[in-house]
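Here the structure comes first, spelled out in structure tokens, and everything after it is commentary.
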């Protein structure tokens, strides 16, 4: 009976299991809904894509050797610091942090309980006192090293007791990367030289290259455990987030240092000269950057003079106290190139001396207007200029020219018509006195240019007249600048126009060379770097400017700038990929990548974007 019951129970269990299996099989074989099928396929694609990304970012191979790790074709060597001096200067890691090589640095800092370090110091102090007592019993002289250690330990115990100091374990590892072992060794020697100069000793991680490599990656894993005890005071000197910065006690805000978010407050007049060159592609913020500097310089009572080739500064001058001169054929405002220059700020000159300077300037102008004077023509022109002034009772022997009339271009033509061998010059000068270009340079000055902000617009000038007008304007500006000692900025926008003509380029170079003595800073702006550089005066202008402002560059011009300014590969890459309102700012040996910050009202005043 018992056996029958067991058999029945076994058969019923078997039937139940078969029934369950059949039901499950039916559920599995039941057709899958379209939504569920789509989810399953999406999950499958996700898993396949995840595997592909891992394969994509993973190196082809990784080889671990006793002294280095090789990842693809890159050699990695890691070094650790094992000893520090008793004294560390502030910012001692800065030369390495700002070094333009590929490296990773890890700093591990762990606090130590005060009771533990107090116990250790007590033990150490006992040892030092015992050693001093033994030396005294042996009638030996006191060891200065022992006395110094006793003093340091006592001082540290007092600070720890008063919670003025804490103690830490410090780990410092550096991994360098390069394609060749020779280059890696050279970089290591450079690092060793920098750190050894500060009595910071380091070694290469040998037989533990893999653990050292992992310790410098962002895993927060220290697998070397090579540390040094260090107090709060000395730990603060290792603060790693220091970098090149340009900050003066006074000056204007140029932007924010993208490396450490510090403010770039800079006074260009505190450099060896206040000249600045600005290079960028069209539409990448050259004029915006300079106008922002102008607006902020005006708030510090710095006079600004602008040569505007595209009438881009009109919106700016309408918001501030300004003087505006439209240099064109249709303008009613004129500057007479025959005006005598003002006396120098530091000496009193006789009118005869001023006349001599005026004749020299006019000879350069006539050389431009009459398309190159021959030596014979230059001699005749000099006599004609002196005669033209003398007919107005202005001579080299005059002591006073008050209330005397200043000649104009037509007076010079009248004199040339009476001179032998001057027929060709008369014919060439007629177009500026009688014909198509009459009026622009042949009338008396009828504009009074105020201080503060002065803008000379040359947008509507013919290309033939532009270099001549530039010469007249620059000469007028120079006479004004040297007559008084005041901070001034001269902004020459699209300077490549001037560099195309030798006389005007030479005059601009002469201004750049002498500007420092008269408290003048000249800003030259251009987008055609190659045209500017290949001019015989372009490169000297660049090298005589202490400040450079580089914005995004084209691939065609970046190599030229790299050779002139010795740009690093990283700086070259940044300039090729920079966004609008990001600048590479050079001031002497300091190179800083900055992000411009303009307020809403500043942006509305100075923007030239037609869509705003």
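The values are calculated or read from the model by the stated rules, or taken from the named source; none is laboratory data. The structure presented is a predicted model; accordingly, all values stated were derived computationally and were not measured. Here the Cβ positions follow ideal geometry from the backbone for every residue, glycine too, while neighbour counts run over all protein chains shown.
Checked against the criterion of being within 44 Å of the chain's Cα centre (by Cα), over 19 Å from residue 99 (Cβ atoms) and part of a helix (DSSP H, G or I), the range 159-168 contains one or more residues that satisfy it.
Summed over the range 242-281, the residues that are buried (at least 17 other Cβ atoms within 10 Å of the Cβ), closer than 22 Å to residue 542 by Cβ, modelled with pLDDT of 80 or more and touching a helix residue (DSSP H, G or I) at 6+ places or on another chain (Cβ under 8 Å) give a count of 8. Checked against the criteria, residue 343 does not count as at pLDDT 75 or above and in the same structural domain as residue 379 (by TED's automatic domain parsing). Evaluate the following for residue 611: is it farther than 18 Å from residue 527 by Cα and either at pLDDT 80 or above or touching a strand residue (DSSP E or B) at 6+ places or on another chain (Cβ under 6 Å) (or both)? No, not satisfied. Restricting 96, 150 to residues that are assigned to a helix (DSSP H, G or I) and under 30 Å from residue 210 (Cβ atoms) narrows the list to 96. Under the condition of being touching a helix residue (DSSP H, G or I) at 6+ places or on another chain (Cβ under 7 Å), free of Cβ contacts under 8 Å to residues at least 40 places away in the same chain and not in a loop (DSSP other than H, G, I, E, B), the residues counted in the range 543-581 number 7.
Does residue 215 meet the test of being farther than 24 Å from residue 522 by Cβ and at pLDDT below 85?
Answer is no for this residue.
Every listed requirement among (1) farther than 20 Å from residue 369 by Cα; (2) at pLDDT 80 or above; (3) surrounded by 19 or more Cβ atoms within 10 Å (Cβ to Cβ) is met by residue 482 save one, (2).
The residue list 585, 507 contains one member that is out of contact with any helix residue (DSSP H, G or I) (no Cβ under 8 Å at 6 or more places or on another chain) and either surrounded by 15 or more Cβ atoms within 10 Å (Cβ to Cβ) or closer than 17 Å to residue 276 by Cα (or both), which is 585. Residue under question is residue 602, and the condition is that it be over 14 Å from the mean Cα position of the chain (by Cα), surrounded by fewer than 13 Cβ atoms within 10 Å (Cβ to Cβ) and touching a residue at least 12 places away in the same chain (Cβ under 8 Å); does it hold? For residue 602, the condition - over 14 Å from the mean Cα position of the chain (by Cα), surrounded by fewer than 13 Cβ atoms within 10 Å (Cβ to Cβ) and touching a residue at least 12 places away in the same chain (Cβ under 8 Å) - is not met.
Condition first: in contact with a strand residue (DSSP E or B) (Cβ under 8 Å, 6 or more places away or on another chain) and either under 18 Å from residue 492 (Cα atoms) or assigned to a loop (DSSP other than H, G, I, E, B) (or both). Can you find one or more residues in the range 427-448 that meet it? Yes; the residues of the range 427-448 include at least one that is in contact with a strand residue (DSSP E or B) (Cβ under 8 Å, 6 or more places away or on another chain) and either under 18 Å from residue 492 (Cα atoms) or assigned to a loop (DSSP other than H, G, I, E, B) (or both). Of the residues making up the range 516-524, one or more are closer than 21 Å to residue 357 by Cβ and surrounded by 22 or more Cβ atoms within 10 Å (Cβ to Cβ).
Only residues that are assigned to a helix (DSSP H, G or I), more than 20 Å from residue 336 (Cα to Cα) and either in contact (Cβ under 8 Å) with a residue 12 or more places away in the chain or in contact with a strand residue (DSSP E or B) (Cβ under 7 Å, 6 or more places away or on another chain) (or both) were counted in the range 401-424, giving 1. If residue 597 satisfies all but one of (1) outside any loop (DSSP other than H, G, I, E, B); (2) closer than 22 Å to residue 267 by Cα, what's the number of the condition it fails? Failed condition: (1).
Every residue, every condition in (1) closer than 30 Å to residue 68 by Cα; (2) in contact with a helix residue (DSSP H, G or I) (Cβ under 9 Å, 6 or more places away or on another chain); (3) touching a residue at least 40 places away in the same chain (Cβ under 8 Å); (4) surrounded by 14 or more Cβ atoms within 10 Å (Cβ to Cβ), yes or no:
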position: 114; (1), (2), (3), (4): no, yes, yes, yes
position: 144; (1), (2), (3), (4): no, no, no, no
position: 147; (1), (2), (3), (4): no, yes, no, no
position: 177; (1), (2), (3), (4): yes, yes, yes, yes
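Looking across 500, 553, 548, 562, one residue alone is surrounded by fewer than 22 Cβ atoms within 10 Å (Cβ to Cβ) and in contact with a strand residue (DSSP E or B) (Cβ under 8 Å, 6 or more places away or on another chain). It is 548. Assessment of the range 116-135 against the conditions (outside any helix (DSSP H, G or I) and either surrounded by 14 or more Cβ atoms within 10 Å (Cβ to Cβ) or touching a helix residue (DSSP H, G or I) at 6+ places or on another chain (Cβ under 8 Å) (or both)) yields no matching residue.
If the condition is being free of Cβ contacts under 8 Å to residues at least 12 places away in the same chain and closer than 16 Å to residue 85 by Cα, then the range 193-220 contributes 193, 196, 197.
Screening 411, 398 for residues that are over 27 Å from residue 501 (Cβ atoms) and touching a helix residue (DSSP H, G or I) at 6+ places or on another chain (Cβ under 8 Å) leaves exactly one candidate, 398.
A single member of 191, 174, 187 is within 29 Å of residue 112 (Cβ to Cβ) and assigned to a helix (DSSP H, G or I), and it is 191.
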